[in-house]
Amino acid sequence: MEIRALLSALWRSRTGPFLVAAQVALTLAVIVNVVYIVQQRLADANKPTGIDLDNMFWVGIETLDANYNQAAAVPVDLTYLKSLPGVVSATTVNILPQWWGRMGLPFAANPKQLDTPNGGVPGTIYFGTDTFIDTFGLKLVAGRTFDANAIVQPSSDMASAIATWAPEMIVTRAMAQKLFPNGDALGKTVYVGLTNKSSTIVGIVEHMQAGPSPARFEQFAIQIVIVPIIPAGPGGTFVVRTRPGERERVMAKVEKEFADLQPGRYVRRIEAYDETAGRLRQGSRASAIILATVAFFVLAVTIIGIVGLAAFNVTTRTKQLGTRRAIGARKFHILRYFLVENWLITSGGALLGCVLALAAGIKLSTMYQTPRLPLYYLVLGVALVWVVGVLAVAIPARRAASISPAIATRSV
Amino acid sequence: MLMHDVRLALRSLKRNPILSTLMIGAIAVGIAASMIAITLYHARSGHPIPWKADTLYAVTMDLRDDDPDQGFSEHPEYPPFQLAYPDAKAVYQSDIPVRSVMMYRAGRVVAPENRNVKPFGATIRVTTADFFQTFDVPFIQGNGWSRADDESPAAVVVLSRFMNDKLFGSANSVGREVTLTGKQFRVVGVIDTWMPQPKYYDLNASSGFDVPEDFFIPFGWMQALKLGPNGNVNCVSKRAKIESFDAFITQDCVWLQFWVEFRKASDRDRYQAFIDNYVSDQKRHGRFPRKLNNRIVNVQTWLDMWDVVGDDSRMQMGLGLVFLVVCVLNTLGLMLAKFLSAAPISGLRRALGASRVDIVRQHLVEVVVVGLLGGFTGLLLTLGGLAALRVLLFSGVLVGSDNPDRVAMVQAMVHMDVPVIALGIALSLLTGVLAGLYPAWRIGRLAPATFLKTQ
């Protein structure tokens, strides 16, 4: 093949090809890194929650009654919620899982660990009743749920509730493994930082997630401790799980009736649980969409550049090409000429692009504290650039191939 | 002459409609991407109170245990951003600052006087008296309260304008009563619409962007009503023990924001010495185990420490600019192709007496026209893109809130103000010129004879 002629032709009009190569390089660097970030964000947002979000809702109530009896009201509320047709289970919680706020303390198998620097295992705490596991649809893999008689009555405020603590706890498997790496957590005593308290692990659930989180903070989202305490009032937050398809109906009924079970109450907010969880992920999903859109447009602009350059070349070389056809070159040769020329340009750009992509990748991974850009992303990026390059140049190249040899005879 | 060039430019653009559209489109998309990134960055990076840039300071003290850092903080060297109550109370007494504010955010239920309005949850800022003057809060009715009212504490409340509208239908409400958390408070002032962004005085919520609280009450109610914080509480010392609310506030848990305003910038050093002295003294009681690391920082440094701008807007900004560069390269290539393919016409013009300068100027005008058309289209695209972003990014912020300020805040986050629009126009001109300078110069350099020969 006439590779030397091709190279020398390329060199003689080098500005255009150089510009396209630079575009390809930047595009490759952008796309590879954007795809990697988008993929990470979506992976973080889509990690399993362990919670039956689609069949659950929550309702928050408030009261103005200064003499509100929290201890008496909560059992009435729970009995009402559980009695509704279509309801599977209901519990009260201190803080909603999959909500912005979280509360955590360090825990340890050995109380001495809690006095050492950074001692103990960080755990996110949820208060609930014996029906907590069932309401959230968690999978109990060992032990049992709370004893209904072991549920601690509400304290005057959150600090007192933590200080009082409870004799039993259920932990996620992730938490159990951190506390007892030998896998014998069930029945063991766990000590709680800041409170001088301890409780026994009576059950282990397979998985539960407090909320979406970047990989490096994931332990804080999945190391969870559930304790049988009715949260301090007045009022509170109740979570309900319904049978599939019954949620909307139950929600409408609860919204209408629930507050009036006690005088002076009103519903602060009632919401389907998947909506709550979705809101927490809105940011990452939105940024994924933005980044993907930008990457798409960068690629589109580069395609325009490739097409533009090739079309220009075809126009300016019309006579040349006709002459080549006239002296024996076949359509295939012309087509091949443009494809190879374009391939050389995109490959040159891709090579530079790999360097840029790696540099940007290193910068981004230190900025976001994420793992380095895996090298196979570069391979995929180069492959993409090649395919796109061939497709972009195909139309102008076919036009070039169809130039009639007769052109050569016209204006010599 | 210029009009002639513009006419020539438009004619030349019309001669090659597809290529022209592609060029204008490429510039437009590049401008739009970078404008959107700049708008978002601009909204996050503003200074909320520039006139107090070197007199208003946030106070921090490093109360943490002498532990190695846990590795998940990007800046383990920063002290905690909030103070524990015992320390805040102690340094509040200093008379070096002209004003001191100790405060936190709480949340409670409000029962309106007007029985037609349902009770609702509201945010309350529990603060000492100087809050309003320190942060230059504008009042439409009445005023704040005095330091003596913090002590007693007096049952007085300041309302946000939104809350006044909601409770009293925008009437003058000074002297009227509101029931907060079961207790009657007398309204002493109503704040005019006031929305510092970022909400620098307390950055705990929503990555720094949030509307101010609905109610403001004297700090003394913290203990009187056992009003717990509805923000970030961090027990930074292993010795902290949680027993009850009264015990909690004596512990080494940080949860209070603390600000000071100085008469002159130089008082800051005196105050730093005062704080360091206080901490050294506390060390004798076994507190503050780390070495002195008390930072008294101005608003800009404070925003930087919180990283209000955020990695995401920085990345978007970088991405927007790279995009613009790709578009410039693209337009440069297309422009070159276009000019060269029309070179015979320039050759003819040269032969008929046009000077090289004329040719270059004519092409530069064409380039500027393309840049401006692209820039204008780009501005329209930016508006569309920002509207889409408003839905994409912020629809969640608006759920369950009837506060019009919240809508205004979201608008401000995606709002193009005049400087940004001016920047956009400048950017499109620059893009056009950057992309067109070389092609115009190339075309001017060509010898006319080359082209005439082949006609």
*Tell me the chymotrypsin sites (Phe, Trp or Tyr not before Pro) within segment B:157-248 that lie in a loop according to DSSP and have at most 14 other beta-carbon atoms within 10 Å.*
none
_I want to verify a result. In a Gaussian network model of chain A, Cα cutoff 10 Å, which of these has the top mean-square fluctuation: A:ILE229, A:ILE289, A:ILE31?_
A:ILE289
*Size of electric dipole in segment A:203-346: Cβ of Lys, Arg +1 and of Asp, Glu -1, about Cα centre, debye, nearest 20*: 1120 debye
_Under 8 Å for C-alpha pairs, at least 6 residues apart: give me the relative contact order for chain B, rounded to a whole percent._
28 percent
*asked:* Can you list, by residue number, the Cys in chain B that have no neighbouring cysteine C-beta under 4.7 Å?
replied: B:CYS327
*asked:* Give me A:GLU168, A:GLU218 sorted ascending by neighbouring Cβ count inside 10 Å, so fewest comes first.
replied: A:GLU218, A:GLU168
*Taking chain A as a Gaussian network, Cα atoms linked when under 10 Å apart, which of A:GLY236, A:GLY60, A:GLY101 shows the biggest mean-square fluctuation?*
A:GLY101
_Three semi-axes of the equivalent ellipsoid, chain A, Cα gyration tensor, whole Å, largest first_ = 67, 25, 16
*Taking each residue of A:281-288 in turn, how many C-beta atoms of other protein chains fall within 10 Å of its C-beta, and what is the average?*
4
*Give the cross-link partners of B:LYS291 among the aspartates and glutamates, using a straight C-alpha distance below 13 Å as the criterion and excluding same-chain residues fewer than 8 apart.*
B:ASP62, B:ASP65, B:ASP66, B:ASP67, B:GLU77, B:ASP276, B:ASP281
*Using every pair of alpha-carbon atoms in segment B:51-306, split the distances into 5 Å bins beginning at 0 and state the percent of pairs per bin, rounded to integers.*
1, 6, 13, 17, 18, 17, 12, 8, 5, 2, 1, 0
_Over segment A:217-322: Rg over Rh, Cα atoms, Kirkwood Rh_ = 1.41
*asked:* Residue by residue through A:302-310, how many Cβ atoms from other chains fall within 10 Å of the Cβ on average?
replied: 6
*Exposure proxy check: B:GLU213, A:GLU275 ranked by fewest other beta carbons within 10 Å?*
A:GLU275, B:GLU213
*Largest first and in whole Å, give the semi-axes of chain B's equivalent ellipsoid, each being the square root of 5 times a Cα gyration tensor eigenvalue.*
60, 26, 18
*asked:* What number does segment A:282-412 give for Rg over Rh if you use C-alpha atoms and the Kirkwood radius?
replied: 1.16
*asked:* Which three numbers, in whole Å and largest first, are the semi-axes of the equivalent ellipsoid of segment B:265-366 derived from its Cα gyration tensor as √(5λ)?
replied: 68, 17, 8
_Which entries of A:LYS82/A:LYS256; A:LYS178/B:LYS241; A:LYS82/A:LYS253 have Cα-Cα distances beyond 18 Å here?_
A:LYS178/B:LYS241
*In peptide A:153-163, what is the residue-averaged number of other protein chain Cβ atoms found within 10 Å of each Cβ?*
4
*Determine, at each q value in 0.18 (inverse angstroms), the log₁₀ of I(q)/I(0) that the Debye formula gives when each Cα of segment B:116-242 is one equal point scatterer.*
-1.04
*Quick one: net charge of A:THR366's neighbours, Cβ under 13 Å, K/R +1, D/E -1?*
+2
*Quick one, can you get me the convex hull of the C-alpha atoms of segment A:147-239 expressed as volume per residue in Å³?*
125 Å³
_Give me the dipole magnitude in Debye, nearest 20, for the protein assembly as shown about the Cα centre, with unit charges on the beta carbon: positive for Lys and Arg, negative for Asp and Glu._
5140 debye
_Span per principal axis, largest first, for the Cα atoms of the protein assembly as shown (Å)_ = 104, 63, 58
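Read the figures in this text as sums done on the coordinates, not as results from a lab. Quantities reported herein were computed from a predicted structural model and do not represent experimental measurements. So basically every Cβ, Gly included, is an ideal-geometry build from the backbone, and we count neighbours across all protein chains shown.
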